[in-house]
Amino acid sequence: MNKQYYVILFLFISLLFSCEKDDSGNSIAECDVNGVWIGEWESNLQITGTFCANVTQNLTDFSGYICIRLDEPSTENYNRDFEGTVKSKNVRTIMTIQGVEIAAEGDITDDALVSGNFNVPDLSMHGTFDGKKIPTTEANLTEIYSSPTGVVEHISDFIYIENSLWIIMYSDDCWEDGPKTKIHKYDLTGNLIETICFDAILSSNVSSDGQYIWELYNGTTISKFDTDGLKIDSIDVPNTLHCYKIACSTTNLFLFTGSKIHETDYSLNVLDSINPRYNFPESYAAYQDYHLYSSGNVIYKMNTDQEIIRAYVFPSEWRITDIETNGTKVWCFVNWYDENASDEMFPFRYTIYEIDLN
């Protein structure tokens, strides 16, 4: 696709929530755009896709983070910060990128729906967009673990197994008799049970079915371990399922491939596919009758029809990289950049929270 089109599409979603500044002080928003918005767009050039935006409003000004997905003619994702204003329930923008002017205008209805048109005269490109605000909740969190300030702990992941939370980290403490993995075991209320040296070296991409540990290595091999670190089995991932992330339930594996999550049995036979169609999933958990997945600083709750029914928003600087559940409780692994970190090579803080999904 012509690079100009990428630029247009990249900026196009901004038009959904960007507007011309009004310095008169006389205009009011007349609507509440706080929350997560999802929707679709299409152009006359047979370019279509979806968008997902997390919006924070301050009077008539707002800002946030947005993901733009292309469905046709290619499958790609574009992410960016954005800001703008809203006046009298109307959103509009006029912008010039690399000499190309993009104009758009839309309206918000009942604080929950947005629709409008965009036009790019220089490229004979125009189209429409429609979106809605989904129910959005500030995440209600209980801290289970947080990496200590001033202490270097290179945490890679965590799992739920044997009625406890295992925090997996890289450490030289366990390398006296050869490379191993250091694991802190916590009970479900956040009390440290014990620290062990796990015989196997685990990567940063692990999950558990509640009894065994499953590791995805290099996107091509899945290994199964018992709780002592003994490798029980190893499976080569078919080329058709080349994946970048693994998740587990008590009966299935879930492999992240491109824009989909494939549900498989333990022999990697595909049983179903889950499509987080508005953004790019970073973690997943099958929770009761729902799908949970994270993208950036938001956890999305989907029903069995794969319709997003609620978004749980974390602080904007946080990134959610794993979700685990025992069927009743749900925990998430969060990291963020720490300006005061003692190790400049690993300047991140890590926290595990239990999240209330009620």
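The values are calculated or read from the model by the stated rules, or taken from the named source; none is laboratory data. Remember, it's a predicted structure, so these values are computed and weren't measured experimentally. Virtual Cβ from ideal backbone geometry, glycine too; neighbours counted across all protein chains shown. With ligands, DNA and RNA removed, areas are computed over all heavy atoms of the protein, side chains included. Shrake-Rupley method; radii C 1.70, N 1.55, O 1.52, S 1.80 Å.
From Glu72, Glu76, which residue is acidic (Asp, Glu), at pLDDT below 80 and under 20 Å from Thr128 (Cβ atoms)? Selected residue: Glu72, the only one of Glu72, Glu76 that is acidic (Asp, Glu), at pLDDT below 80 and under 20 Å from Thr128 (Cβ atoms). Pairs are defined by a Cβ separation below 8 Å, a sequence spacing of at least 6 or placement on different chains, a first member in the stretch 108-122 that is in contact (Cβ under 8 Å) with a residue 12 or more places away in the chain and closer than 18 Å to Gln57 by Cβ, and a second member that is among the small types (Gly, Ala, Ser) and buried (at least 17 other Cβ atoms within 10 Å of the Cβ); the pairs so defined are Leu113/Gly131; Val114/Gly39; Val114/Gly106; Val114/Gly131.
Checked against (1) of a type outside the set (Lys, Arg); (2) at pLDDT 90 or above; (3) exposed (fewer than 14 other Cβ atoms within 10 Å of the Cβ); (4) within 30 Å of Pro179 (Cα to Cα), His242 passes all but a single condition, namely (2). Just a yes or no: is a residue in the stretch 334-347 modelled with pLDDT of 95 or more, part of a strand (DSSP E or B), of a type outside the set (Lys, Arg) and open to solvent by less than 10 Å² (accessible area, probe 1.4 Å)? Looking for residues that are modelled with pLDDT of 95 or more, part of a strand (DSSP E or B), of a type outside the set (Lys, Arg) and open to solvent by less than 10 Å² (accessible area, probe 1.4 Å), one finds none in the stretch 334-347, hence no.
Consider Thr221 carefully, then state whether it is within 15 Å of Phe254 (Cα to Cα) and surrounded by fewer than 15 Cβ atoms within 10 Å (Cβ to Cβ). Answer is yes for this residue.
Among the candidates Pro276, Pro315, the residue that is surrounded by 18 or more Cβ atoms within 10 Å (Cβ to Cβ), in a loop (DSSP other than H, G, I, E, B) and not aliphatic (A, V, I, L, M) is uniquely Pro276. Count of the stretch 284-298 residues, restricted to those that are charged (D, E, K, R) and surrounded by 23 or more Cβ atoms within 10 Å (Cβ to Cβ), is 0.
Of the residues in the stretch 229-239, none is under 26 Å from Met169 (Cβ atoms), within 17 Å of the chain's Cα centre (by Cα) and surrounded by 18 or more Cβ atoms within 10 Å (Cβ to Cβ). Residue selection: Lys87 satisfies the criterion of being within 19 Å of Leu59 (Cα to Cα) and at pLDDT below 85. Of all residue pairs spaced 6 or more apart or on separate chains, none has beta-carbon atoms under 7 Å together with a first member in the stretch 127-149 that is free of Cβ contacts under 8 Å to residues at least 40 places away in the same chain and a second member that is assigned to a strand (DSSP E or B) and not aromatic (Phe, Trp, Tyr). Here Pro281 meets the list (1) within 20 Å of the chain's Cα centre (by Cα); (2) open to solvent by 30 Å² or more (accessible area, probe 1.4 Å) almost entirely, failing just condition (2). Assessment of the stretch 173-181 against the conditions (without any contact (Cβ under 8 Å) to a residue 24 or more places away in the chain and open to solvent by less than 50 Å² (accessible area, probe 1.4 Å)) yields at least one matching residue. Of everything in the stretch 126-138 that is open to solvent by 20 Å² or more (accessible area, probe 1.4 Å) and out of contact with any Asp or Glu (no Cβ under 8 Å at 6 or more places or on another chain), the residue that is modelled with the lowest pLDDT is His126. Any residue at all in the stretch 206-226 that is farther than 16 Å from Asn326 by Cβ, part of a loop (DSSP other than H, G, I, E, B), modelled with pLDDT of 90 or more and among the charged types (D, E, K, R)? Yes, because at least one residue in the stretch 206-226 is farther than 16 Å from Asn326 by Cβ, part of a loop (DSSP other than H, G, I, E, B), modelled with pLDDT of 90 or more and among the charged types (D, E, K, R).
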